[in-house]
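For reference, the structure discussed in these notes is given below.
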Amino acid sequence: MRSLVLALLCGAAPAAAQVAADTGAHPIALAEAIQMARLNSPAAVQARGAVQSADAHVKSSWSTFIPSLTVNTSSSALSPATSRVNTTTGQLISGKWQMTQGFSFGLTLFNGGTQFNDLAAARESFGAAVAGEDAQNWQIAYLVKQQYYAVLAALEERRAAQAALDQATEQMKMSVLRVQARTAIKSDSLQSLVQLGNAQLAMLTAENDLRTANAALTRLVAAPRPVTAIPDEGNTDSAFVVDSAQLASLALGGPAVRQASASFAAAQSSAKAARGTWWPTLTASYGRNRVGADSVFTLSPDNYSYSGQVRFSLSYPIFDQWARQQTITLAEVAAANADATLRDARFAAQQSLVQYLGALRTAGQQVLIQQTSVAAAEEALRVQQQRYQLGAGTILDELTSQTTLNQARYLLIQARFNYRVAKAQLEALIGRPL
């Protein structure tokens, strides 16, 4: 019995020293963590790639209004056994090298407005990609904040575990002294021993939770070395006045709703472009070529013959196995789906706002209640400690007060975490800090 007590008492000192020792993780500010995650996250990289692809699509759509230009050149040796005459000059070219050079350009004059609608669809798709990147950045910020606050909670949990361990250690020493002085029974020291063991186990759990939370944060920000939160970052959180009407307006204009709105506009333009295939297509082109021949290979023969051509083309498919109608149907279905997605995004924003606001208010009230509970539990423990020292109270009363205080501390930590996460959810929903 005595050896076990000494072992636990000696084990409490290394545990406290372990808490004070540096864990090897580099403290990082919340803003820096969010910036690193937005730079390195695979989701952020994909969102930036989507914006670049959409921008390239806009440039490609603009280029359809510019005439196409083609330049060609070729050289061929004609067999001597072949009798060939240049039909333009009447020159015999058999057995000679023939050089052909030319250029041509073409332009679509009319195609039912398809070019304009394609350009509008591309620009709206670019807007949707930008809104999607913004939404993804805020989602990344929320995930980083959530994990950052989990690290803060783990740090607070470790401090609470250290305080509980110190209290259990002092109680164990007091119980042993009173048993030795025959002013308390042996079961007092045994109960204190159990309390001390539980406090040491809680300390080990808190340390493991902190290491796990640090590892998760390091992965999110893609840091080259382990990182952890700065404890003072949590002190910046304070209650703020919630304007429900203003938040409702901001939620309906949040990143997710903006992305859905731009996607719907792009789908509408694509449907208009598809319906433009019912109109004929009118194109114009011009080409000019020159042909020359020489007895040896050369890039510039002495004599050239020139020819040119201007061409207007009007085409209209009479029957194309309903391919045109299928394209129009698919585009209209995509527009209807985008409309439904936009409507659902607005309702989802309203639902999320109600949910997050309720969670924020509940967590804020829990923080206030738990702060009072901790203060009450600390006072109750102080009274029970004095009663036990004077012999007016039992060890069970004091240990019960210690357990109540420990639970109140952990509930306060959880309430603070819930409040911070609810606030981060609101910020991600409206796309701006609160």
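The values are calculated or read from the model by the stated rules, or taken from the named source; none is laboratory data. Since the structure is predicted, the reported quantities are computational estimates derived from the model, not experimental observations. Here the Cβ positions follow ideal geometry from the backbone for every residue, glycine too, while neighbour counts run over all protein chains shown.
Answer yes or no: is there a residue in region 374-395 that is assigned to a helix (DSSP H, G or I), modelled with pLDDT under 90 and in contact with a Phe, Trp or Tyr (Cβ under 8 Å, 6 or more places away or on another chain). The answer is yes; a qualifying residue exists.
Based on what the data block shows, is residue 82 hydroxyl-bearing (Ser, Thr, Tyr), surrounded by 12 or more Cβ atoms within 10 Å (Cβ to Cβ), modelled with pLDDT under 60 and part of a loop (DSSP other than H, G, I, E, B)? Quick ask: steps written out before the conclusion?
Details: hydroxyl-bearing (Ser, Thr, Tyr): yes; surrounded by 12 or more Cβ atoms within 10 Å (Cβ to Cβ): no; modelled with pLDDT under 60: yes; part of a loop (DSSP other than H, G, I, E, B): yes.
No, not satisfied.
For the residues 336, 348, the requirement of being of a type outside the set (S, T, N, Q), within 24 Å of the chain's Cα centre (by Cα) and modelled with pLDDT of 90 or more singles out 348. Scanning region 386-406 for residues that are without any contact (Cβ under 8 Å) to a residue 24 or more places away in the chain and not β-branched (Val, Ile, Thr) turns up 386, 387, 390, 392, 393, 397.
Scoring residue 413 on the criteria (1) touching a Ser or Thr at 6+ places or on another chain (Cβ under 9 Å); (2) part of a helix (DSSP H, G or I) leaves a single failure, condition (1). On the basis of being β-branched (Val, Ile, Thr) and modelled with pLDDT under 85, does residue 218 make the cut? Here the answer is no, as residue 218 does not meet what is asked. Checked against the criterion of being out of contact with any Pro (no Cβ under 7 Å at 6 or more places or on another chain), surrounded by 11 or more Cβ atoms within 10 Å (Cβ to Cβ) and at pLDDT 90 or above, the candidates 33, 15 yield just one match: 33.
For residue 3, state whether it is touching a Pro at 6+ places or on another chain (Cβ under 7 Å), outside any strand (DSSP E or B), over 27 Å from residue 149 (Cα atoms) and modelled with pLDDT under 85. Here the answer is no, as residue 3 does not meet what is asked.
Candidates in region 49-79 are the residues that are surrounded by 15 or more Cβ atoms within 10 Å (Cβ to Cβ) and closer than 23 Å to residue 119 by Cβ; of these, the one that is modelled with the lowest pLDDT is 64. For first residues located in region 101-124 and crowded, with 16+ Cβ neighbours inside 10 Å, partners that are among the charged types (D, E, K, R) and lie 6+ apart or on another chain with Cβ distances below 8 Å form the pairs 101/290; 102/288; 102/290; 104/288; 112/275; 117/272; 120/272.
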